[in-house]
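Engineer: Sharing a structure with you now.
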Amino acid sequence: MLPEKKSIRIGIMGGTFDPIHNGHLVTAEEALVQFELDKVFFVPTGYPPHKEERKSLDPVERYLMTVIATASNPHFEVSKIEIDRKGLSFTVDTVREFRKNYGAEAEIFFITGADAILEIIAWKNADKLAEMCKFIAATRPGYCLKKFEELHVLPYENKEPEPGKPKIYMMEIPALAISSTDIRKRVSHKYPIRYLVPEGVANYVLKRGFYR
């Protein structure tokens, strides 16, 4: 049984969203239901300090695709907080601002892929981040949990982590077999992406000529 809700509960789903796809949306919806969240905020990265080898699309284009993809769900909202922030954008700063806006009583869950959670835990100021939010690590079926052996991964019913450990919950999502990388490759090879991304996003990608 989930504990009785006493305060607002929000999810923050960070990511490049280049492009956003149905796996992201299924993950957010599953977190919304499983963790009884009031709202999930999608936060496209602006200029992250941990740069990818590949140059991402302009942040505004990624933001617009995310808005298109989430517009039909009243529990989803897209935030430009990282795009509007000047200079490099750190996750700890984003969560701190949400904490400031929603108060100390709000329960904040940072939602992202399991591998990304492992990276976050290794970042500078990860201890401060863990004090401000809980983590939901989305995984594919069959994902190897050995990487998490040294962390205190919890079933949701267990409320208290070990002292000094981040609170991490695993959430298996079959649709995570879809990836932005594969979608970009499919577009570059002129393969269809219909049903892998929302229809509006597919049309936007093709109209703008992205990833070719």
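Engineer: Can you work out which of the residues in the range 100-118 that are among the acidic types (Asp, Glu) and either over 16 Å from Gln34 (Cβ atoms) or surrounded by fewer than 18 Cβ atoms within 10 Å (Cβ to Cβ) (or both) is farthest from the chain's Cα centre (by Cα)? So that I can check it myself, show each step before the final result.
Structural biologist: Of the residues in the range 100-118, the ones among the acidic types (Asp, Glu) are 105, 107, 115.
If we keep only those that are either over 16 Å from Gln34 (Cβ atoms) or surrounded by fewer than 18 Cβ atoms within 10 Å (Cβ to Cβ) (or both) too, we end up with 105, 115.
Working: Glu105: 22, Asp115: 12 Å.
If we take residues in the range 100-118 being among the acidic types (Asp, Glu) and either over 16 Å from Gln34 (Cβ atoms) or surrounded by fewer than 18 Cβ atoms within 10 Å (Cβ to Cβ) (or both), then Glu105 is farthest from the chain's Cα centre (by Cα).
Engineer: Next up: Scan the range 145-174 residue by residue and report those that are surrounded by 11 or more Cβ atoms within 10 Å (Cβ to Cβ) and modelled with pLDDT under 75.
Structural biologist: Residues satisfying the conditions are Leu151, His152, Val153, Leu154, Tyr156, Asn158, Pro161, Lys165.
Engineer: Residues being on the phi > 0 side of the Ramachandran plot and among the basic types (Lys, Arg): count how many of those fall in the range 178-212. Step through it out loud before you land on a result.
Structural biologist: Within the range 178-212, the subset on the phi > 0 side of the Ramachandran plot is 190, 195, 209, 211.
Those left that are additionally among the basic types (Lys, Arg): 190.
Final tally of qualifying residues: 1.
Engineer: What do you reckon, is Val95 surrounded by fewer than 18 Cβ atoms within 10 Å (Cβ to Cβ) and part of a helix (DSSP H, G or I)?
Structural biologist: On the way: surrounded by fewer than 18 Cβ atoms within 10 Å (Cβ to Cβ): no; part of a helix (DSSP H, G or I): yes.
In short, no.
Engineer: Among the residues of the range 193-205, write down those that are surrounded by fewer than 17 Cβ atoms within 10 Å (Cβ to Cβ) and modelled with pLDDT of 95 or more. Explain how you work it out, then say what you get.
Structural biologist: To start, the set of residues in the range 193-205 that are surrounded by fewer than 17 Cβ atoms within 10 Å (Cβ to Cβ) comprises 194-195, 199-200, 203.
Listed by number, the residues that qualify are Glu199, Gly200, Asn203.
Engineer: Just the residues that are at pLDDT below 90 and either touching a strand residue (DSSP E or B) at 6+ places or on another chain (Cβ under 9 Å) or crowded, with 17+ Cβ neighbours inside 10 Å (or both), please, taken from the range 176-187.
Structural biologist: Once the filter is applied, which keeps residues that are at pLDDT below 90 and either touching a strand residue (DSSP E or B) at 6+ places or on another chain (Cβ under 9 Å) or crowded, with 17+ Cβ neighbours inside 10 Å (or both), the range 176-187 yields Leu176, Ile178.
Engineer: Of the conditions (1) touching a Lys or Arg at 6+ places or on another chain (Cβ under 8 Å); (2) in contact (Cβ under 8 Å) with a residue 24 or more places away in the chain, Asp93 fails just one. Which one is it?
Structural biologist: The one condition Asp93 does not meet is (2).
Engineer: List the residue pairs whose Cβ atoms are under 6 Å apart, where the first residue sits in the range 14-31 and is touching a residue at least 40 places away in the same chain (Cβ under 8 Å) and on the phi > 0 side of the Ramachandran plot, the second is among the polar types (S, T, N, Q) and assigned to a helix (DSSP H, G or I), and the two are 6 or more positions apart or on different chains.
Structural biologist: Here the result reads Phe17/Thr66, each pair linking the range 14-31 to a residue that is among the polar types (S, T, N, Q) and assigned to a helix (DSSP H, G or I).
Engineer: Turning to a different aspect of this structure: Kindly indicate whether Leu88 is surrounded by 18 or more Cβ atoms within 10 Å (Cβ to Cβ), assigned to a loop (DSSP other than H, G, I, E, B) and of a type in the set (A, V, I, L, M, F, W, C). Give the derivation first.
Structural biologist: Working: surrounded by 18 or more Cβ atoms within 10 Å (Cβ to Cβ): no; assigned to a loop (DSSP other than H, G, I, E, B): yes; of a type in the set (A, V, I, L, M, F, W, C): yes.
In short, no.
The values are calculated or read from the model by the stated rules, or taken from the named source; none is laboratory data. Computed from a prediction, not measured in an experiment: that's the story for all the values here. Neighbour counts are summed over all protein chains in view; Cβ atoms, including those assigned to glycine, are modelled from backbone coordinates with ideal geometry.
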